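Asks: My questions all concern the structure below.
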Amino acid sequence: MYLDIKILSIENLSTVGCGSIGAVTDRDGVDEIVGQWARERPELDTTAMAVFGRVYRTARLVGDAQERCYARFGITRADFDVLATLRRAGGADGLSPGRLTGALMLSTGGTTSRLDRLERAGHLVRTPDPADRRALLVRLTDSGRALVDEAVTAGLAEQQRLLGGMSPADVARLQDLLRELLASVEERAAEETPGSAGR
């Protein structure tokens, strides 16, 4: 069932960019898939498929649009995540690679490759930690700080544009519902994580 949603999201979606998403209709592609399952397997409850299918499609469309916007600044979404994490941390000292890896939820190797690329581009530097000369701190350069400030402004403007078809009241309700959804999914996903019992 998940594969059905994924195939639909990749092959049958309208192109989105710093352009437009197709107009909302009463029925969408997820309804079509759910309807097909209802015909073939009427005993199945496809409620969750309908919810997560739309979450997946929305995330895919918005992610692609963000990727195109960040590309105007010569960076990828992955690069932006690193720069934005450092920018949000505030201060001039920066973060240790370990803290950065934890914040990004990446492997150490995945973080290192991103840092190497961004350091070569002059957007960040790794310097010895004054409190522990054996450790390193990662911090933004002046150009990296300027870049991420421009990129986050452009990215937020694009996200706001994509929300333009909804009223402020609907957006506020959607935020509350998505917050509840995320909390519910995180709680139940943790129950299935090996070693999570007793935490």
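The values are calculated or read from the model by the stated rules, or taken from the named source; none is laboratory data. Just so you know, these numbers come straight off a predicted model, no measurement behind them. Every residue, glycine among them, receives a Cβ derived from its backbone with ideal geometry; neighbour counts consider all protein chains shown. Accessible surface is based on the protein model in full, side chains and every heavy atom, while ligands, DNA and RNA are left aside. Shrake-Rupley method; radii C 1.70, N 1.55, O 1.52, S 1.80 Å.
Asks: Which one of 114, 99 is among the basic types (Lys, Arg), assigned to a helix (DSSP H, G or I), open to solvent by less than 60 Å² (accessible area, probe 1.4 Å) and over 30 Å from residue 33 (Cα atoms)?
Replies: 114
Asks: Filter the range 80-96 down to residues that are touching a residue at least 40 places away in the same chain (Cβ under 8 Å) and assigned to a helix (DSSP H, G or I) and give me whichever is most open to solvent (accessible area, probe 1.4 Å).
Replies: Result: 87.
Asks: Could you tell me whether the range 142-154 includes any residue that is on the phi < 0 side of the Ramachandran plot and touching a Pro at 6+ places or on another chain (Cβ under 8 Å)?
Replies: No - not one qualifying residue is present in the range 142-154.
Asks: Could I ask something else about it? Between 86, 104, 61, which is on the phi < 0 side of the Ramachandran plot, touching an Asp or Glu at 6+ places or on another chain (Cβ under 7 Å) and not charged (D, E, K, R)?
Replies: Selected residue: 104, the only one of 86, 104, 61 that is on the phi < 0 side of the Ramachandran plot, touching an Asp or Glu at 6+ places or on another chain (Cβ under 7 Å) and not charged (D, E, K, R).
Per-residue answers, yes or no, for (1) modelled with pLDDT of 95 or more; (2) out of contact with any Asp or Glu (no Cβ under 8 Å at 6 or more places or on another chain); (3) of a type in the set (D, E, K, R):
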{"site": "112", "(1), (2), (3)": "no, yes, no"}
{"site": "124", "(1), (2), (3)": "yes, yes, no"}
{"site": "133", "(1), (2), (3)": "no, yes, yes"}
{"site": "141", "(1), (2), (3)": "yes, yes, no"}
{"site": "152", "(1), (2), (3)": "yes, yes, no"}
{"site": "163", "(1), (2), (3)": "yes, yes, no"}
{"site": "174", "(1), (2), (3)": "yes, yes, no"}
{"site": "183", "(1), (2), (3)": "yes, yes, no"}
{"site": "199", "(1), (2), (3)": "no, yes, yes"}
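Asks: Could I ask something else about it? Is there a residue in the range 57-66 that is more than 20 Å from residue 178 (Cβ to Cβ) and either without any contact (Cβ under 8 Å) to a residue 12 or more places away in the chain or open to solvent by 50 Å² or more (accessible area, probe 1.4 Å) (or both)?
Replies: no
Listed here are the residues, each with its yes/no results for (1) aromatic (Phe, Trp, Tyr); (2) under 13 Å from residue 80 (Cβ atoms); (3) in contact (Cβ under 8 Å) with a residue 40 or more places away in the chain.
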{"position": "107", "(1), (2), (3)": "no, no, no"}
{"position": "113", "(1), (2), (3)": "no, no, no"}
{"position": "119", "(1), (2), (3)": "no, no, no"}
{"position": "125", "(1), (2), (3)": "no, no, no"}
{"position": "128", "(1), (2), (3)": "no, no, no"}
{"position": "136", "(1), (2), (3)": "no, no, yes"}
{"position": "142", "(1), (2), (3)": "no, no, no"}
{"position": "146", "(1), (2), (3)": "no, no, no"}
{"position": "151", "(1), (2), (3)": "no, yes, yes"}
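Asks: Separate question: Quick check on my filter: what residues within the range 128-156 are in a strand (DSSP E or B), in contact with a Lys or Arg (Cβ under 7 Å, 6 or more places away or on another chain) and either of a type in the set (Val, Ile, Thr) or open to solvent by 40 Å² or more (accessible area, probe 1.4 Å) (or both)?
Replies: 136, 138 - these are the residues of the range 128-156 that are in a strand (DSSP E or B), in contact with a Lys or Arg (Cβ under 7 Å, 6 or more places away or on another chain) and either of a type in the set (Val, Ile, Thr) or open to solvent by 40 Å² or more (accessible area, probe 1.4 Å) (or both).
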